[in-house]
Structures are given as structure tokens and as C-alpha cells.
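Q: Take this structure first; my questions come after.
The values are calculated or read from the model by the stated rules, or taken from the named source; none is laboratory data. All values derive from a computational prediction rather than experimental measurement. Note: ideal-geometry Cβ built from the backbone for every residue, glycine included; neighbour counts use all protein chains shown. Accessible surface areas use protein heavy atoms only, side chains included; no ligands, DNA or RNA. Shrake-Rupley method; radii C 1.70, N 1.55, O 1.52, S 1.80 Å.
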Amino acid sequence: MECPACHRELTTMTVGGVRLDVCKDGCAGIWFNAFELKKFDEPNEFAGDELFEMKPAPGVVVDQTQRYKCPECADHPVMMRHFESAKRGVTVDECPECGGDWLDPGELRNIRDEFPTEAARTQAAQAYFDEVFGGQLAAEKAKSDEQLAKAHKFANHFRFICPSYYIPGEQQWGAF
Ligand SMILES: [Zn+2]
Ligand SMILES: [Zn+2]
């Protein structure tokens with residue numbers, strides 16, 4: 001599998017029982033298959049120190065303004081870049097087809113450092129939702145389809161801040 005950022009060959013690693021594809025010889029980015037990122041996004045979860053210790057190889061420079069293509073899907077769809085973080089603006093590139101996520105070096109640490117616990121993350125997410133939707137979070141309270149669509153879109157963009165809600169159909173505002 002080719003690195004979407006620097007186009008070197010990714011190295012498969014198993015960290016905490018999870019298979020990851022890492023750009024070990026290049027830019028030190030990490031590819032997570034769908035749902036895998038949430039296994040690493042909190043400080044109290046398996047540390048996976050080797051993931052944090054990776055540094056880009058000498059001379060490897062990545063243009064992070066470029067759009068990345070999914071390394072996993074056969075037709076290599078362009079990944080969507082989300083600003084996942086209310087606090088620090090961490091960006092994650094996500095494949096619209098397979099749901100995998102690409103993190104540039106340092107991004108995993110930034111995500112994990114934001115909230116010490118899942119409870120703190122949930123609380124912050126709830127507060128942010130309340131602020132944005134004025135307390136009308138629940139889908140059944142949405143006054144119009146437009147509002148509901150907005151809530152869905154927003155929820156989808158929010159799942160790294162509140163990954164425990166990333167269970168299709170389990171959220172009070174509806175499935176992603
Ligand atoms: Zn790379
Ligand atoms: Zn994909």
C-alpha cells in the first residue's frame with residue numbers, strides 16, 4: 001500500500017493488537033482502517049509509544065496542503081479533510097468510501113492530548129453541541145429537514161472529539 005502523503009510503501013505494524021499501516025521509511029504518517037483510530041485516541045488507552053516516536057525520515061517533506069488519496073480503496077478516492085478539534089484544530093483525512101483515516105505525524109498525539117478521559121471528551125462535545133444548536137440536539141426536536149441535515153453533518157465531523165458516540169444509530173441525534 002502506498003503512502004498517500006509521500007508515496008513510499010507503507011509498513012504494516014501491529015500495535016495493541018490492531019493492524020496499522022505506517023509510513024515508517026517516509027513521512028511517519030499513520031493509516032487507520034475504519035473505527036481503528038478510536039482505539040488510540042485517549043491517553044488512558046494503550047499507549048502505542050512506537051507510534052509517537054516515529055519521525056519523518058531525513059529529507060522527507062510532505063506538502064500537507066495537498067489532497068490525499070485513499071491508499072486502501074481500489075479507485076483511490078480523494079479523502080476529505082476534517083478539522084476535528086475544537087481546541088487545536090487537528091486535521092484528519094478520511095476516506096469517504098472505506099472510512100479509514102490518515103494522520104500526519106503529530107496528529108495522533110494532538111488528538112490524544114486534548115482530553116484526559118472519555119468523560120471529559122464527552123462533556124466538551126456536549127457543551128459544544130449545546131452551543132451550536134442552542135440545546136436542540138435531539139433529532140426529533142429538529143424543526144426542519146435542513147436543521148436535521150445540519151445536525152447529521154455536524155455530528156459526522158465531530159466524532160473524534162466524541163468517539164464514544166461513533167456507533168451508528170446510537171446517538172440521540174441520529175445515525176451518522
Ligand atoms: Zn509517507
Ligand atoms: Zn478508502
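Q: Any idea how many residues of segment 21-31 are assigned to a strand (DSSP E or B) and either of a type outside the set (A, V, I, L, M) or surrounded by fewer than 23 Cβ atoms within 10 Å (Cβ to Cβ) (or both)?
A: Matching residues across segment 21-31 total 3.
Q: Among the residues of segment 48-70, is there at least one that is farther than 15 Å from Cys95 by Cβ, more than 13 Å from ligand 1 (Cβ to nearest atom) and buried (at least 16 other Cβ atoms within 10 Å of the Cβ)?
A: There is at least one residue in segment 48-70 that is farther than 15 Å from Cys95 by Cβ, more than 13 Å from ligand 1 (Cβ to nearest atom) and buried (at least 16 other Cβ atoms within 10 Å of the Cβ).
Q: Taking the conditions exactly as written (at pLDDT below 75 and outside any loop (DSSP other than H, G, I, E, B)), does Glu42 satisfy them or not?
A: No, not satisfied.
Q: If we keep just the residues of segment 1-20 that are crowded, with 16+ Cβ neighbours inside 10 Å and more than 24 Å from Val62 (Cα to Cα), which is nearest to ligand 1 (Cβ to nearest atom)?
A: Of everything passing the filter in segment 1-20, Val15 is nearest to ligand 1 (Cβ to nearest atom).
Q: Then there is this: I need a count of the residues in segment 108-123 that are among the polar types (S, T, N, Q) and surrounded by fewer than 16 Cβ atoms within 10 Å (Cβ to Cβ).
A: 2
Q: Filter segment 82-104 for residues that are at pLDDT below 65 and open to solvent by less than 50 Å² (accessible area, probe 1.4 Å) and give the result.
A: Result: Glu84, Ser85, Gly89.
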